[in-house]
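Input: a single structure, listed below in structure tokens.
The values are calculated or read from the model by the stated rules, or taken from the named source; none is laboratory data. Predicted model, so just to flag it, every value in this text is computed and none were measured. Counting neighbours? That spans all protein chains shown, and the Cβs are built from the backbone with ideal geometry, glycine included.
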Number of protein chains: 2
Amino acid sequence: MAPKPAAPPDERTTRERILDIAIELFIEKGYDKTSLREIAERLGFTKAALYYHFPSKQDILLALHLRLHDIGNKVFAELSNIDGGSESLSTWTTLIDHFVDQVANNRKLFLLHERNQNALEQVGRSKQHQAEHEDLEEALRRFLKNPSVPVADRVRMAASFGAVIGTFLVAGDAFADVPASELTSLLRDAVRDILGTRKTATRPPTRRANGRR
Amino acid sequence: MAPKPAAPPDERTTRERILDIAIELFIEKGYDKTSLREIAERLGFTKAALYYHFPSKQDILLALHLRLHDIGNKVFAELSNIDGGSESLSTWTTLIDHFVDQVANNRKLFLLHERNQNALEQVGRSKQHQAEHEDLEEALRRFLKNPSVPVADRVRMAASFGAVIGTFLVAGDAFADVPASELTSLLRDAVRDILGTRKTATRPPTRRANGRR
DNA sequence: GTCTATATTTCGATAGAC
DNA sequence: GTCTATCGAAATATAGAC
């Protein structure tokens, strides 16, 4: 019905193609070391043409940042649907479960964020801080500071968050050949061991696969 | 005996003061967005004076990188003293234990690395790749790719590594008021729950501090 | 929408005085 | 060891033709 809802069937918009190349280069070389000339060359036209689609280089990064920002909102929305906002370890388990899904499905966006934290922070400052945008990571730190939660639990929260980052981002392509469903399942098990929120009372013996078998 | 072994008692050398300011700015604004003019201004002299102490901007970053590199070597050295190099989960626990100590004691250096991965990679390339320097993180990825280790275990390894990063680096100053010894102890407990290498057979009930007490 | 210029700025780096 | 002065390169951004 709608003429162009979201995805033109055959061909991506030029703006989207720019963003595709940009995220690739920003991850590989970093935002600062990536020149507009290089982005334009890969697309087959020149630097000046980019300025028809984006008013500045920062706006390219901003567009990518907004995608990540929407994901953050989605995680929080799903969380408040399930739990009233209590900050127990079981609530945190739910949060991390959603987070695992999002990182698995948007790996490049999170890689971009991991490798360009400084540049992204400056985007958040120099552009309008439009109605407290609350980044995912800022919210994390806010949780971790909550003095009414025992330190032992807060450490577990930080550790579980890092476990996701470590497995999906820092590990690089080490798990490239592992099916996504298996990887997320294994990671969820590990997260539950960190947070102590396994469903079964006794530890399943399956996961003690230690040596060569 | 030696006239000036390592630490002049009263006053740091200018070279060290430059590195102190540089690591601060590189963490805060990023390597690329930090100008030599800014470093010099904070030290009270001008940009050109820096070139007496360092031949280029990259060499400032290189000097900081070498400090981190030495730490990586130290971790590996201690590891091979204890274990012959077997890549079991218990060996990995020992590795992470050393890693926790190093991150706790050199937080700024690891923060620098976390926030300037791209710039540091280019240092490793453009400067001589002096006898396979083997970064800590490269070694990690090499371990994680080992096909003779079950995937479930490799995920646990990556998760435990990330847990350390998450607690010490991503968490920011959330644990600034927690004594270092307590923080590392809590983190080590969490790592053991990830890797399944607790010393006691039964899970100690102390760490199930869940609610409000 | 993309092009060819060109303007503007910033920065790393050098030369040479003190 | 630090200074002033300047060079040269590279990048963002703009102006205007097609």
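Taking the condition within 14 Å of chain A (Cβ to nearest Cβ) and within 16 Å of DNA strand D (Cβ to nearest atom), does B:Q122 pass?
So B:Q122 fits the description; yes.
Based on what the data block shows, is A:R67 under 18 Å from A:E24 (Cβ atoms), at pLDDT 90 or above and more than 16 Å from DNA strand D (Cβ to nearest atom)? Give the derivation first.
Values: under 18 Å from A:E24 (Cβ atoms): yes; at pLDDT 90 or above: yes; more than 16 Å from DNA strand D (Cβ to nearest atom): yes.
In short, yes.
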Residues located in the stretch B:19-31, provided they are more than 14 Å from B:S56 (Cβ to Cβ) and within 16 Å of DNA strand D (Cβ to nearest atom): B:L19, B:D20, B:I21, B:G30
Qualifying residue in the stretch B:79-94 (condition: under 25 Å from A:L25 (Cβ atoms) and more than 16 Å from DNA strand D (Cβ to nearest atom)): no
Residue that is surrounded by the most Cβ atoms within 10 Å (Cβ to Cβ) [pool: residues in the stretch B:39-64 that are of a type outside the set (A, V, I, L, M) and either more than 9 Å from DNA strand C (Cβ to nearest atom) or within 14 Å of chain A (Cβ to nearest Cβ) (or both)]: B:K57
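Could you please let me know if A:S160 is touching a residue at least 12 places away in the same chain (Cβ under 8 Å) and more than 9 Å from chain B (Cβ to nearest Cβ)?
Working: touching a residue at least 12 places away in the same chain (Cβ under 8 Å): yes; more than 9 Å from chain B (Cβ to nearest Cβ): no.
When the stated conditions are applied, A:S160 does not pass them.
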Candidate set from the stretch A:25-38 (those that are without any contact (Cβ under 8 Å) to a residue 12 or more places away in the chain and away from DNA strand C (no atom under 14 Å from the Cβ)); member that is farthest from A:K108 (Cα to Cα): A:K29
Positions within the stretch B:47-92 being aromatic (F, W, Y) and either in a helix (DSSP H, G or I) or within 21 Å of the chain's Cα centre (by Cα) (or both), in sequence order: B:Y51, B:Y52, B:F76, B:W92
Cβ pairs under 9 Å, 6+ apart, first in the stretch A:184-197 and closer than 19 Å to A:Q102 by Cα and at the interface with chain B (Cβ under 7 Å from one of its Cβ atoms), second in a helix (DSSP H, G or I) and modelled with pLDDT under 95: A:L186/A:R207; A:A190/A:R207
